[in-house]
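Taking it in order: structure first as C-alpha cells, then the write-up.
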Amino acid sequence: MFIIEVIPLTNLPQNVPQLLSYFFDSHLERGALVEVMIGKRKVSAIVISSTPLEQQKSLLKKSQFQLKKLSRVLSSEPKANDMQIKTAAWISRNYYSPLGLTLKTVLSDSLTRKTGPAVIKVSGKNEDKPEMIVGCAKEILRTIPQYIKSAPGQVLMIVPDKTVQKSLELELRPKFDNEKLIIGTRRTLFMPFKDLQLIIVEDPLNEAYKSEMTPKYNTPDLAEKIGRLHGARIIYISPAIGIENFLKIKNKDYRSINREKRLPEIKIINMTGEIRNNNFDIFGEELKENILETLDAGKKVLLFSPRRGFAGLLICRNCGSAVKCPNCSAPLKVHKSTDLNLKCHRCPHSQQFPSFCSNCNSYKLKTAGPAGTQKIYDRVRDFLSQNNLKTPVLVMDSDIARNETEEEEIMDTISKQEPSVLIATQMIFSYRYALEFPLVGVINTDSLGTIPDFNIEEKLLYQLKKLLDFNPDRVILQTYNPDSEVLKSIVSNNCASFYDNELEMRKLFGYPPFSRLTKLTYRNKDQKKAFISARALVEKLRMAAVQLKLDDKIKISDSSPGFMERERGLYNYHIIIKSPAGETPREILKFVPAGWSIDVDPKSTL
C-alpha cells in the first residue's frame, strides 16, 4: 500500500491545503495523472509523491482524517515533469493563485499529448545577467540570428501576439528549424523543453504579456524564472527600457545593449498656436503640408490615433451632460456607418443617435472629445479631395479589422508599392516588423495619456518609441502640452533623464519598483453591497496587518470605486495593497474572502 500526494487540477480555496493525500495499492511515478474524489466531484490530479505505507504509519495515526483511495489512474506515464511542477509552484506563490488551477494552466497542452513530457537536460546554473537590447525592432532583428546560433541547445522566442509571431517566423524560420528555434506567445513558456539554452522576450513592456485570467502572471518575469530553472540565458528586446528595467540596469542586475540608430526628425506641433491662427481643424498646417509632400513623393503615411469610432462624446450644449451607457459608467462613443450611432466600448450596448437630450430635452447635441479613426478618415478624404489626390485611405482598428482575414486584406493593400494613408490604432504595432512609413503623424498626442494612473507617462513614452519602429524619416506630434517631459525626452533622445525623474517621484510615493502592488477587486450588481463589502475588507485587512505586526511594512489603501465604477452592470470597488518590492503579501491575502479578484503586479491601479 502507498500514500499518494497529489495536486488536484482544480480551483481550491487558498485557505485549504493545495496538496491532498490518498492511498493506492501500487507505486505511482511523480507526474502521473490520476482521478480523485473531492467531496462528490471527480477531479484529475497530478501525483507529487508516492510513499510506502510503512513509512507513513506514525503520521497516519496522528491524522484526524481518514484517507480515501484514488479513484483510478488515468496515465501511469508522467504527464508533468519537475520543471513544470516547479513553474506552477512559483507562479502560485508569486501571484497568489490556487496551485491546482495554476498547474492545470501550465499543463494545458501536455495533458492532451499521448506521450509524456521530454527528459530535461539542464546545463547548470547560468551566471549571466539578463540582457536588455534596446532599439528599433528591425535593427535588433538583424542581430538576433547570431544570438540564436551561439546557443548550443534550444532557443525560445516569446512574442506578444500571433501577428508578430508570423512576421518573425517569416524572417527567422528559413535560417533555423523548429527543433532549434521555438517561436510562440506566452503559453509557449509552459512547453516541456528538452535542452533550453536561450529565452528571447520580444517587446517585454507589452500589456498583452500580463495574463487577465487566473493565474495572473507577468510573462517577462516568468520567462526569467524559467530561464533560471533551465540554466538558460535571458535576452529582452524592446523599443524602450521601461522604468523598472532602467533601475535594474543602474543597479547592474541587467546588462544593457543599445542598438538605437539615428533618430528621425521629430517635430512637436503646439495645437494651441494653430487655434490662435484660426485653424480649428484636427490637422495642423505643418502636418497637412507633410502629408502632401510624402504622397507626392510616392510614399506612405501613418496617422496614429488611440481611439476608434467617430468621436469620444456626445454632449448637450444646453446642460453639458454626456450620453452614458445604461450598463456602464462610461460615456457612449459616437460611431458612423451610414448614419451616426452610439456604442459602448466596455460592453456590447449600442443605440441610435438621439434626437434630444434625455436630461433636459434640448435638441442641441454635439460631438466632442478627441477625434476617432472614423472622423480622421473623413477629414483625410476631404483634404485629399481638395488637393485632387485619389490616394487610397485605409483604417485599421477593431471595428474595421474584426478578424484575421480583414486584417490581411488591409495589409495587402497597404503593402503595395504605391502612396497611401493608413489611419490606425494600437493594432498597427503588431506589424512593426512588416511595415515602414516615411511619415508618422499623431493627431492628438495628449489622448495617448489621459488615464490618471501612476505609470501613464511611462506608457506614453513607450507608445511613442514603438512608432519609431516603422523607420520614419519624420514624426509629427500634435499636442496641447508641448512642455511635456515625455515629449522633450523623445525629441532630445534623453530617456534616462525622464526615467531618473520618474524614479524619484515613485520612490517618494512608494510606487513600483520601490514597492509591490496588489489590487483587490470586488464586483456586485448592488452598489451598496459592493461599497459595504469593500469597506469591511479594508478594516479586516488592516486589523490582520496589526495582529501580524506587518502594518509597518504593508500599506492598505481605503476602498474606492474603480475608474470605471460600473461596468457591464456590475459596480467595481478596489483596494490597493503596497508591500515591499519583490514580496507577495501572502499573510494578508489569506484573509481575502471568495468572490474577490486578486491581481499581483496589476497593469493599472484604476
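Just so you know, all these numbers are worked out from the coordinates, no wet-lab data involved. Quick caveat: nothing in here was measured; it's all calculated off a predicted structure. Here Cβ is always computed from backbone atoms with ideal geometry, including for glycine, and neighbour counts include all displayed protein chains.
For the peptides 528-536, 254-262, residues were scored by their other Cβ atoms within 10 Å and the scores averaged per peptide; the highest-first order is 528-536, 254-262. The aspartates and glutamates within cross-link reach of K555, meaning a Cα-to-Cα straight distance under 14 Å and a gap of 8 or more places when in the same chain, are E539, E583, E587. Taking Cα atoms only, the orientation of helix 527-547 departs from the longest principal axis of the chain by about 50 degrees. Annotation: the residues H574, H349, sorted from fewest to most other C-beta atoms within 10 Å of their own C-beta, follow the order H349, H574. Compute the helix-to-body angle for 162-172: its Cα long axis versus the longest principal axis of the chain, expressed 0 to 90° and rounded to tens. Helix 162-172 and the main axis of the chain meet at about 90 degrees. Look at K364, K555 and count the other Cβ atoms within 10 Å of each Cβ; fewest to most, that gives K364, K555. The value of relative contact order for the chain, using C-alpha pairs under 8 Å at least six residues apart, is 12 percent. Taking each residue as 0.36 nm, the span from S49 to E35 lengthens on full extension beyond its C-alpha to C-alpha distance by 3.5 nm.
Which distance in Å, rounded to a whole number, links the C-alpha centroids of the range 435-460 and the range 563-606? Distance between centres, Cα-based: 27 Å. With neighbour counts taken as other beta-carbon atoms within 10 Å, the residues M157, M83, M427, M543 rank, fewest first, as M543, M427, M83, M157. Between the entries (i) 203; (ii) 193; (iii) 173, the label attached to volume of the Cα convex hull per residue in Å³ calculated for this structure is (ii). Normalising the average separation of contacting C-alpha pairs (under 8 angstrom, six or more residues apart) by the number of residues puts the relative contact order of the range 281-363 at 19 percent. From the Cα gyration tensor of the range 227-366, with a ≥ b ≥ c the square roots of its eigenvalues, which class applies: rounded if a/c is under 1.5, or else prolate if a/b is larger than b/c, or else oblate? Taking the square roots of the gyration eigenvalues as a ≥ b ≥ c, the range 227-366 is oblate.
Relative to the longest principal axis of the Cα atoms of the chain, the long axis of helix 373-386 makes an angle of roughly 30 degrees. Using a cut-off of 27 Å between Cα atoms, the listed pairs K138/K180; K175/K465; K364/K390; K129/K465; K40/K528; K375/K488 include K175/K465; K364/K390; K40/K528; K375/K488 as exceeding that distance.
Hey, for a label at N11 modelled as a point 7 Å past Cα toward Cβ, could you say which residues of the range 550-573 have their backbone N under 20 Å away? From the range 550-573, the list is 567-573. Restricting attention to the range 227-359, the count of lysine pairs at 8 or more positions apart or across chains with alpha carbons under 16 Å apart stands at 6.
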